[in-house]
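The values are calculated or read from the model by the stated rules, or taken from the named source; none is laboratory data. All values reported here derive from a predicted model rather than from experimental measurement. A quick note on method: Cβ atoms are made from the backbone with ideal geometry, for glycine too, and the neighbour counts reach across all protein chains shown. Protein only, heavy atoms only, side chains kept; ligands, DNA and RNA dropped before computing areas. Shrake-Rupley method; radii C 1.70, N 1.55, O 1.52, S 1.80 Å.
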Amino acid sequence: MKRFYKRALGPILSLAALALPQVSQADEYRLGLITPPPHQWTVSAIEAAAEIKEKTEGRVDILIFPSGQLGNEAQMLQQLQTGALDFAFFTLGEFANRNPNYGIFLAPYLVDDVAGARELLKGPTAQKLLDGMADFGLVGFGWGMAGMRMIVTGPEVKTVEDLKGLKIRTIPFAPELAFWTSLGAAPTPMPLPALYDAFANGQVDGMQIDVEGTWNTKYYEHAKSIIISNHMMFPMAAIGSGRKWQGISEADRAVISEVFAAKLDEMVGKYGEIDAKYKADLETTNVPVTTVGRDWFGPAIDAWYEEWRTKAPMLSEIEAEAGH
Ligand code: BEZ
């Protein structure tokens, strides 16, 4: 698989290699993530790896393993902790289930759009949570995102009432499950790589998902409704194995940290346009695309905040930062 993927990356890797002097001490590292090759997370990981290789004069060569090739996030977390894996781009799932404060970014309508998310992801609460990655045996490099969440359903959905009883695919973490339960839906946790088939064969009736993935993975092929709700941001954590980090020289660590931080901010900055582009693409399909706001969801959102302000004490901090 490694060889295949290196070949697939040929143009990028060989361009970097051409610019490099011959080096004898190249170390290969691995970065795992669950998104498929065309997804922006994977694209940013490939670009970051090429830049790190160039800036470390070939000493740090990070191979990218997309689509969950190294396992799901729970499995990759274990590998990071033992030092069997070096780097990863993760959703919040593994962190939020261990410490509810990591779920606060998923507060419904915490921000209006990607620009609001970008501010929060660079703010003091986000930094505190990044520093807290040390408690998981990890190094946190920064926050990326996959734009704003939307809803795709197999059956037609016009009002929030129509969601009642539908099996909606979510990420398996408590704040998301609570949101869907409060809407009367049946949240059905499922890893991203399994989602297309599960939706196609009716194992789930719908999903909350990113706009980009809906287009690239063609979830719309089995949908009767596409609802652009922008109801939560969807952060990504760029992380490294604390164990492996110790073995990298201080100078190379500085390069890795700097390149990841810059790439992540650039990625988040792009998502306003990415979401708009893929929304326009979805509007070219035969599936009706509707845009809804906070009011569409009714009282469930206020109830969610009441519950989670107690469960996750840092929620009030980030609400204040967001100007609520
Ligand atoms: C998801 O599981 O919904 C997801 C994960 C990573 C990027 C985008 C979506």
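Relative to the Cα centre, the charge distribution of the stretch 25-322, modelled as +1 at Lys and Arg Cβ and -1 at Asp and Glu Cβ, gives a dipole magnitude of about 480 debye. Computed over the chain, the per-residue total of -39500 (n - 2.57) for DSSP H runs of n ≥ 4 gives a 222 nm mean residue ellipticity of -13000 deg cm²/dmol, rounded to 500. Between the amide H of Val60 and those of Asp27, distances stay under 5 Å, these residues lying 5 or more places away or on another chain, with hydrogens modeled in the peptide plane.
Taking Asn230, Asn101, Asn286 in turn, the Gaussian network model of the chain (Cα-Cα springs below 10 Å) assigns the largest fluctuation to Asn286. Taking the protein heavy atoms of the chain in the context of the full set of protein chains, the accessible area attributed to carbon and sulfur is 52 percent at 1.4 Å. Between Asp162 and Lys277, the contour length at 0.36 nm per residue exceeds the alpha carbon distance by 38.6 nm. The peptide list 305-314, 186-195, put in order of mean Cβ contacts within 10 Å with the highest first, becomes 186-195, 305-314. Using the Cβ of Asp27 as centre and a radius below 13 Å, the other residues enclosed give a net charge of 0, where K and R count +1 and D and E count -1. To the nearest 0.05, what FRET efficiency results for Ala194 and Trp296 with a Förster distance of 25 Å applied to their C-beta separation? In this case the efficiency is close to 0.30. Relative contact order of the chain, taken over Cα pairs closer than 8 Å and 6 or more residues apart, is 24 percent. Sequence-ordered 3J(HN,Hα) estimates for the stretch 35-51 from the Karplus curve with 6.51, -1.76 and 1.60 and θ = phi - 60° stand at 7, x, x, x, 5, 4, 4, 5, 4, 5, 5, 5, 5, 4, 4, 5, 5 Hz, glycine and proline given as x.
Comparing Ala45, Ala300, Ala74 in a Gaussian network model of the chain (Cα springs below 10 Å), the most mobile by mean-square fluctuation is Ala74.
Taking the charge dipole of the chain about its Cα centre, with +1 at Lys and Arg Cβ atoms and -1 at Asp and Glu Cβ atoms, the residue from Gly240, Pro124, Val268 reaching farthest to the positive side is Gly240. A dipole drawn for the chain from +1 and -1 charges on Cβ atoms has a positive end, and of Asn97, Ala200, Ala320 the residue lying farthest that way is Ala200. Once Rg and the Kirkwood radius are both taken over the C-alpha atoms of the stretch 198-286, their ratio Rg/Rh works out to 1.14. Scalar couplings 3J(HN,Hα) for the stretch 236-253, obtained by applying the Karplus form with A = 6.51, B = -1.76, C = 1.60 to θ = phi - 60°, are 10, 9, 8, 9, x, 6, x, 5, 6, 4, 4, x, 9, 4, 4, 5, 5, 4 Hz; x denotes Gly and Pro.
How far is helix 300-311 tilted, in degrees, relative to the longest principal axis of the Cα atoms in the chain, given as a value from 0 to 90 rounded to the nearest 10? That works out to roughly 50 degrees. Residues considered: Met236, Met145, Met133. Largest GNM mean-square fluctuation over the chain, using C-alpha springs under 10 Å, is found at Met133.
With θ taken as phi - 60° and the Karplus curve 6.51 cos²θ - 1.76 cosθ + 1.60 applied, the whole-hertz 3J(HN,Hα) list for the stretch 161-174 is 4, 5, 7, 4, x, 6, 7, 10, 5, 10, 7, x, 9, 3 Hz, x standing for glycine and proline.
Taking amide H as placed 1.01 Å from N in the peptide plane, Ala186 has its amide H under 5 Å from the amide H of Gly165, Leu166, Lys167, Ile168, each at least 5 places away in sequence or on another chain.
The equivalent ellipsoid of the stretch 125-262 has semi-axes of 36, 15, 13 Å, largest first, where each one is the square root of 5 times an eigenvalue of the Cα gyration tensor. Considering Cα pairs under 8 angstrom that are at least six residues apart, work out the relative contact order of the stretch 34-140 and quote it in whole percent. For the stretch 34-140, the relative contact order is 19 percent. Note on Ala262 and Ala26: the model spin-label points, each 7 Å out from Cα along the C-beta direction, lie 2.2 nm apart.
A 1.4 Å probe run over the chain, with the rest of the protein chains in place, finds 42 Å² accessible per residue. Positive contributions from Lys and Arg (+1) and negative ones from Asp and Glu (-1), summed over other residues with Cβ under 15 Å from the Cβ of Ser316, come out at -3. Taking the 0 to 90 degree range and rounding to the nearest ten, how far is the long axis of helix 73-82 tilted relative to the main principal axis of the chain, both from C-alpha atoms? The angle comes out at about 30 degrees.
Around the amide H of Met148, modelled in the peptide plane, lie the amide H atoms of Val211, all under 5 Å away and 5 or more residues distant in sequence or on another chain.
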